[in-house]
Amino acid sequence: MSNFNSRVYSLRITLFSILVLTVSACSEPVSYDFILRGGTIIDGSNGAAYQGDLALNANQIVAIGELGNAIGQTEVDVSGLVVAPGFINIHSHAEGDGLPTAVNMISQGVTTQIMNADGFGPVDINTQFESYMQNGLALNVGGYIGFNSVWREVAGTENIRPTPAQITQMQDLILAGLEAGAWGVSAGLDYVPGYYATTEEVIDVLKPFAAWNVVFTNHDRVTPESGYSSITGMTETITIGEETGLIPLVTHIKVQGWEQGRADEILERMRVANTSNSEGAVADLYPYLAGQTGLAALIIPSWAQAGGREAMLERFRDSELRARIIEEAEQAMDLRWGGPSGVLVGGQQELADIMNDLDTDSHGEAVIRILEEADNGVILRFGSEEDLIKIMQHPSVSIACDCDATPEGTRAHPRYWGTFPKVLGEYVREKGVLTLENAIYKMTGLPAKTIGMEGRGLLKPGMAADITIFDPDTIIDHATFDNPTAKPDGIAYVFINGELAFSNGTVTGAQAGKVLSRALP
């Protein structure tokens, strides 16, 4: 280069530098509605944590990283805290009464829940969610279309074989639910009346919906014919998914009773499942070794429940039928929950103590006498910690609480108040069986991926501003079976659609939740 050209080139560089400095000096700092400063970002992707800032405008995340001189209309120092996507609970039984406040869910860090689990819920989900919106939503909600509800609507509560016309009616109802934005089809084939549907009938009903690429989430059917094998029941869920083209989701996955110690078998079956999902079958799990349901639901044989409660009570009054019911109920309790020691009635009373009070040595007879007085809830103990940990570590298993937004102070199972903090406190910090990044993924990015939810479950610009901020050193559950509504510690802030929903240990009363619908294929 000549000396002249060199001088011209240097002059251009100098003038460009002056221009950049002038523009930088004159430009205003970038302004945001809200900036969270200096937190540990765990973005829900299963990637490594990093330090950074996060900025919100209205209901969206707009920037993440080192935001330097940016200005927030409101800024909060969250150094030492984890900033994560809001937790997504894909198994909820909410009935609507707790949705305006959702204290128990938000205080766990949950910002979205998917309802109508285990095959139940209204058939008309448009009307269902319109009614919830009228009362206000403290968190985001969506729903499945329930197979059991569809079956009851068309075939009733008796054990009958549906006609081809009835199969078509069921398909029409499921199609209407999916067109209304349902996130998949849920079933509870362990519960009447879904229990009455054969595997082949379930497949016939669901076959037209392969192109929807939605989940078939099922509470597995555990039958006397299989020797009360939970592995057989979970395998049925996977088979239905394979045969219909829906993604099989084994919900609140567990290895029960006499099959304890065999978690590897069902996890391998999930891995090799022939599904449209690259990881095979998927599942969700809660971190407890006991479940909750109605006293009759899984103890009284299905044939004795046909036709509803009054028909069941009539069978109790028939001495021959009563003897048969007692025998089958005791077999179910012995093989699934280890006998009366596995049954806690109403969440408070041991069945063995009730047997003493009733002066009977028959746990089946005791259950019938309780049901003759009133329907009751029940806590059922199952499983082993070793199986639970193996399942929790499986790459396609999400964390879900099998609970719902409920009015403060209600419900008998600690999972309603403790599930997500329990995983983060006990299984991440204390037992070290999950990394913090992997646990957050199982509460956010994975459940969103599992049901096909876009725009939530990750922290990145353009995503909805659903954010949970917690202290990794103190987060822990306190709810127990004796005190099931004790609030957890460690959740610092929760944002739902950009609004602060939880701060300083209490909900703010904001009702920023939305009804979330799945996009049509």
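The values are calculated or read from the model by the stated rules, or taken from the named source; none is laboratory data. Because the structure is predicted, anything quoted here is derived from the model rather than measured. Positions of Cβ are backbone-derived with ideal geometry, glycine not excepted, and every protein chain shown enters the neighbour counts.
Just one of the listed residues (Gly241, Gly280) is in contact with a helix residue (DSSP H, G or I) (Cβ under 8 Å, 6 or more places away or on another chain) and assigned by TED's automatic domain parsing to the domain that holds Pro224, and it is Gly280.
Considering the stretch 229-259 alone, what residues qualify as being modelled with pLDDT of 95 or more and part of a loop (DSSP other than H, G, I, E, B)? If the condition is that a residue be modelled with pLDDT of 95 or more and part of a loop (DSSP other than H, G, I, E, B), then Ser229, Gly245, Leu246, Thr251, His252, Ile253, Lys254, Val255 are the ones that fit. If you go through the stretch 445-475 and keep only what is in contact (Cβ under 8 Å) with a residue 24 or more places away in the chain, closer than 22 Å to Pro521 by Cα and not in a loop (DSSP other than H, G, I, E, B), you end up with Gly445, Leu446, Pro447, Ala448, Thr450, Ile451, Ala464. Somewhere in the stretch 217-233, is a residue closer than 23 Å to Gly156 by Cβ, of a type in the set (Ser, Thr, Tyr) and touching a Phe, Trp or Tyr at 6+ places or on another chain (Cβ under 6 Å)? Scanning the stretch 217-233 turns up no residue that is closer than 23 Å to Gly156 by Cβ, of a type in the set (Ser, Thr, Tyr) and touching a Phe, Trp or Tyr at 6+ places or on another chain (Cβ under 6 Å).
For every residue, the table says whether it meets (1) assigned by TED's automatic domain parsing to the domain that holds Arg221; (2) in contact with a strand residue (DSSP E or B) (Cβ under 6 Å, 6 or more places away or on another chain); (3) among the aromatic types (Phe, Trp, Tyr).
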{"residue": "Leu335", "(1), (2), (3)": "no, no, no"}
{"residue": "Leu371", "(1), (2), (3)": "no, no, no"}
{"residue": "Asp402", "(1), (2), (3)": "yes, no, no"}
{"residue": "His413", "(1), (2), (3)": "yes, yes, no"}
{"residue": "Val423", "(1), (2), (3)": "yes, yes, no"}
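Do any residues in the stretch 496-517 that are modelled with pLDDT of 95 or more have Cβ atoms under 9 Å from those of residues that are of a type in the set (Lys, Arg), where the two are at least six apart or on different chains, and which pairs are they? What qualifies is Ile496/Lys514; Asn497/Lys514; Leu516/Arg456.
Select, from Glu66, Glu95, the only residue that is surrounded by fewer than 24 Cβ atoms within 10 Å (Cβ to Cβ), among the charged types (D, E, K, R) and closer than 30 Å to His252 by Cβ. Please lay out each step first, then the result.
Details: Glu66 fails: closer than 30 Å to His252 by Cβ.
Exactly one of Glu66, Glu95 is surrounded by fewer than 24 Cβ atoms within 10 Å (Cβ to Cβ), among the charged types (D, E, K, R) and closer than 30 Å to His252 by Cβ, namely Glu95.
In the set Gly280, Gly347, Gly257, Gly339, which member is surrounded by 14 or more Cβ atoms within 10 Å (Cβ to Cβ) and under 21 Å from the mean Cα position of the chain (by Cα)? Step by step, each of Gly280, Gly347, Gly257, Gly339 is checked, and only Gly280 is surrounded by 14 or more Cβ atoms within 10 Å (Cβ to Cβ) and under 21 Å from the mean Cα position of the chain (by Cα). Scanning the stretch 167-213 for residues that are within 20 Å of Gly142 (Cβ to Cβ) and not aliphatic (A, V, I, L, M) yields a count of 10. In the stretch 84-96, the condition of being of a type in the set (A, V, I, L, M), at pLDDT below 95 and part of a loop (DSSP other than H, G, I, E, B) is met by at least one residue. Being closer than 23 Å to Ala283 by Cα and either under 19 Å from the mean Cα position of the chain (by Cα) or of a type in the set (Lys, Arg) (or both) holds for only one residue in Ile238, Ile231, and it is Ile238. Checking each residue of the stretch 191-207 against the condition of being of a type in the set (A, V, I, L, M), crowded, with 17+ Cβ neighbours inside 10 Å, within 27 Å of Phe382 (Cα to Cα) and in contact with a Gly (Cβ under 7 Å, 6 or more places away or on another chain) gives no match. Among residues of the stretch 198-223 that are within 9 Å of Gly245 (Cβ to Cβ), those with a Cβ under 7 angstrom from a residue that is part of a strand (DSSP E or B) and hydrophobic (A, V, I, L, M, F, W, C), sequence gap 6+ or separate chain, pair up as Leu206/Val185; Leu206/Phe216.
Of all residues in the stretch 373-387, those that are out of contact with any strand residue (DSSP E or B) (no Cβ under 7 Å at 6 or more places or on another chain), within 19 Å of Leu335 (Cα to Cα) and either surrounded by 13 or more Cβ atoms within 10 Å (Cβ to Cβ) or free of Cβ contacts under 8 Å to residues at least 40 places away in the same chain (or both) total 3.
Which one of the conditions (1) more than 28 Å from Ser107 (Cα to Cα); (2) under 18 Å from the mean Cα position of the chain (by Cα) does Asp361 fail to meet, given that it meets all the rest? Status for Asp361: all satisfied but (2).
Of all residues assigned to the stretch 317-333, none qualifies as being assigned to a loop (DSSP other than H, G, I, E, B), in contact (Cβ under 8 Å) with a residue 12 or more places away in the chain and either surrounded by 19 or more Cβ atoms within 10 Å (Cβ to Cβ) or of a type outside the set (S, T, N, Q) (or both).
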